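Here's the structure we're looking at; comments come further down.
Derivation of every value follows stated rules applied to the coordinates shown; laboratory data play no part. Just so you know, these numbers come straight off a predicted model, no measurement behind them. When we count neighbours, we look across all protein chains shown, and the Cβ atoms used for this are built from the backbone with ideal geometry, even at glycine.
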Amino acid sequence: LSHGQSPFFRLPTANLHDLPSDTDVAIVGVPYDGGTTYLPGARFAPYHVRRVSAVVQSYNPCLGVDTFAVLKAVDAGNVVFPPFQAELVRAAIFEATTSLVSQGAIPFFVGGDHSITLPILRALAKVHGPLGVVHVDAHLDTSTGAIWGNDFHHGTPFRHALAEGLIADRGLVQLGIRGAWGSRDEDAPSQGADALIVRADAIHEGSISQIMREQVWPRLEKHPVYLSFDIDGVDPAFAPGTGTPVPGGLTSHQALTIVRALAGLDIVGADLVEVSPAQDHADMSCHLASAVLFEAASAIAKGRI
Ligand code: MN
Ligand code: MN
């Protein structure tokens with residue numbers, strides 16, 4: 001590890017506004033948890049995911065690709081913002097995303113809470129048009145400001161994204177959904193957009209490979225695809241380090257299978273959000289987070305060999 005520092009996956013570091021010209025993937029941290037409704041702490045995830053990702057090596061035997069030999073990937077540092085005004089945070093994330101994409105890089109973001117995803121989707125949809133979105137989460141994240149008095153928090157990004165036309169027709173896929181809802185019609189925004197909701201129960205009772213092949217792929221293969229991975233989509237037995245844990249979630253294996261199954265799609269960006277290291281044990285959530293990011297990078301690399 002160079003001089004005791006640990007960039008994501010021991011990659012070279014770069015300035016996000018001045019990437020090496022041939023950069024394929026730029027991984028950036030977004031240390032913001034001001035959108036959290038319950039337990040904060042996700043602002044520390046970029047530090048700890050960087051730290052544990054040092055153990056991940058380059059060759060992916062499942063996909064048969066030497067990920068970081070095929071892709072030129074860099075750690076482009078953290079998005080910088082004053083964390084006290086959410087609107088300024090969203091503006092900084094939007095500008096960072098726009099900058100990375102304009103330099104030809106596919107941006108990967110390590111949150112931070114899930115409120116960081118809305119400005120990312122805004123910036124990507126502006127460049128690519130409406131996106132297919134693979135959203136792994138215990139929660140639908142299509143809530144309103146009714147409870148908290150503010151319309152922009154980590155439970156609302158996909159309602160805004162649908163309302164703003166950032167997501168392609170039938171292009172929202174929500175995997176791992178479970179737990180109690182505020183009311184029977186909590187899924188109305190998703191149903192109204194004809195989203196595919198695959199509940200965690202359906203994944204446990206069926207085959208995630210088959211679901212990805214038969215239900216998810218047909219909705220995504222014609223669109224630029226964004227992966228938004230909330231670590232609480234995974235069961236707290238595997239990923240306890242998160243602010244809103246919900247029992248009954250995905251296994252690590254199911255989570256990694258979902259990401260690996262994206263190989264061959266036109267992936268234009270990804271985020272990994274809601275890891276809260278203070279709630280973690282033995283770094284297990286951080287290790288899973290770095291494995292998810294590695295599989296997403298591998299899925300892109302697989303499409304390029
Ligand atoms: Mn979420
Ligand atoms: Mn969640």
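Using a 10 Å cut-off on Cβ atoms, rank the peptides 286-293, 101-108 from the highest mean neighbour count down.
286-293, 101-108
Residue 249's amide H: which non-local residues (gap 5+, or another chain) put their own amide H closer than 5 Å, with H modeled 1.01 Å from N in plane and none for Pro or chain starts?
Under 5 Å from the amide H of residue 249 lie the amide H atoms of 235, each far enough along the sequence or on another chain.
If the chain between residue 213 and residue 62 were fully stretched, how many nm would it gain, using 0.36 nm times the residue separation less the Cα-Cα distance?
Difference between extended and current length: 52.7 nm.
Can you give the calculated 222 nm mean residue ellipticity of the chain, where each DSSP H run of n ≥ 4 adds -39,500 (n - 2.57) and the sum is split over every residue, rounded to the nearest 500 deg cm²/dmol?
-9000 deg cm²/dmol
To check my understanding: the extent here is largest minus smallest coordinate of the Cα atoms along each principal axis. What are those three numbers for the chain, in Å, largest first?
Rounded to whole Å, the extents work out to 53, 44, 40 Å.
Among 24, 232, 271, which one moves the most in a GNM of the chain with springs linking Cα atoms closer than 10 Å?
Comparing 24, 232, 271 in the GNM, the peak value goes to 24.
Are there trypsin sites (Lys or Arg not before Pro) in the range 178-243 that DSSP marks as loop and that have at most 15 other Cβ atoms within 10 Å, and which are they?
222
Once Lys and Arg get +1 and Asp and Glu get -1 on their Cβ, which of 272, 163, 39 lies farthest toward the positive end of the dipole of the chain?
After comparing all options, I get 272.
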